[in-house]
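Input: a single structure, listed below in structure tokens.
Derivation of every value follows stated rules applied to the coordinates shown; laboratory data play no part. Keep in mind that what you see is a predicted model, and the values were worked out from it rather than measured. Glycine gets a Cβ as well: all are built from the backbone with ideal geometry, and neighbour counts include every protein chain shown.
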Amino acid sequence: MHIENFKIFSDLVESQSFSRAAKLNGITQSAVSQQLRSMEKHFKVLIVDRSQKQFRLTREGQKLYESAKDILHRYEKLNSELQEMRKVISGTIHISTIYSIGLHELPPYITKFLKEYPSVNVRVEYRRSNLVYEDILHNSVDMGLVAYPIKMRQLDVVPFLEDNLVLICHPKHRFSDMETVDPKLIGEEKFIAFDQDIPTRKATDQIFKEAKIESEPVMEFDNIETVKRAVEIDAGVAIVPQATIRQEVAQGLLREVRLGGHIKNATRPLAIIHRKGRVLTPAMKKFIACLTGKPYEMDKTEQAENSQGQEHNDGSESAA
């Protein structure tokens, strides 16, 4: 029985999907099924209850999963410690990020990091916010970058940056010559918004609620680039993260206007998230340090888990 066998099995249990476990390990779905049967034959037990429609482990399967997680955790911890002893900063860091951070906040940090650690490969996937959380909870990636981080007991959250929310409009719009805009005036305009499940949209809705603004979006989009293109053709105004529109403002394609009045919470917190108890390689720690500007330090919970072994999670929580 090899360490790869336990990795495939753990991925299968956590994703509850043969196809997803296959994708995570670069093998076919039939190979995952064959691997499961091989483990059942090796340990002479039934691992998955095939009488159930949904994926469910037998009692023996649950015990095997818990032991497999412990073995994987110890292996990863050993590998990380050996790298640190040899002062090796290499390997691959797999990141899942929302579009706005990945396209506008992350690139200069990656450039700086790779210049200092050229032996590290950084892979970035652009995802909707809820899918970033799924990627982390299913151990599909090493870390995620999100806005307005959600607290979950399975996750460690490391603050990254804070960005301002600003209003953008067409250069010939009546707001274009203003330094700040009265929130009540926004309610008189055609408003372009993010989809309702996007965290920045939820923050915008809260801003409108606090300012007692009634506004029904004329358009809704799932990413910042489409929102900007709609404002560029003067289809309406929008509230977006300031860092995402620097290029368009510099080129004269958009105008940026600060939100005035008594608006609260017009900032957008960004954070790094990773699975609680996950062993971070030296490369991952260095990358987090590059993002935050300070050495990565484990919190007390993570230290306890790393000293006692991988904590067994009851299951994944969904994130919207």
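Counting only residues at least eight positions apart within a chain, or on another chain, the lysines with an alpha carbon under 19 Å from that of K212 are K184, K190, K202, K264. The smallest convex shape that holds all Cα atoms of region 105-185, its convex hull, gives 174 Å³ per residue. Region 3-83 has equivalent-ellipsoid semi-axes of 22, 15, 11 Å, by the square roots of 5 times the alpha carbon gyration tensor eigenvalues, sorted largest first. Remark: region 48-190 is approximated by an ellipsoid whose semi-axes, taken from the C-alpha gyration tensor as √(5λ), come to 42, 25, 12 Å, largest first. Among 244-254, 67-77, the peptide with the highest mean count of other Cβ atoms within 10 Å heads the list, and the full ranking is 67-77, 244-254. What does the net charge come to around D234 if you take all other residues with beta carbon closer than 14 Å to its beta carbon, with K and R at +1 and D and E at -1? Taking every other residue near D234 into account, the sum is +3.
Relative to the dominant Cα principal axis of the chain, helix 282-292 is inclined by about 20°.
Ranked from largest, the principal axis spans of the Cα set of the chain equal 74, 49, 34 Å.
Per residue, the convex hull spanned by the Cα atoms of region 157-234 measures out at 119 cubic angstrom.
Taking Cβ atoms as reference points and 11 Å as the exclusive limit, the residues near E256 contribute a net charge of +1, counting Lys and Arg as +1 and Asp and Glu as -1. Seen against the Cα atoms of the chain and their longest principal axis, helix 59-85 is set at about 70 degrees. In terms of packing, defined here as the mean over residues of other Cβ atoms within 10 angstrom, the peptides 144-154, 38-48 line up highest first as 144-154, 38-48.
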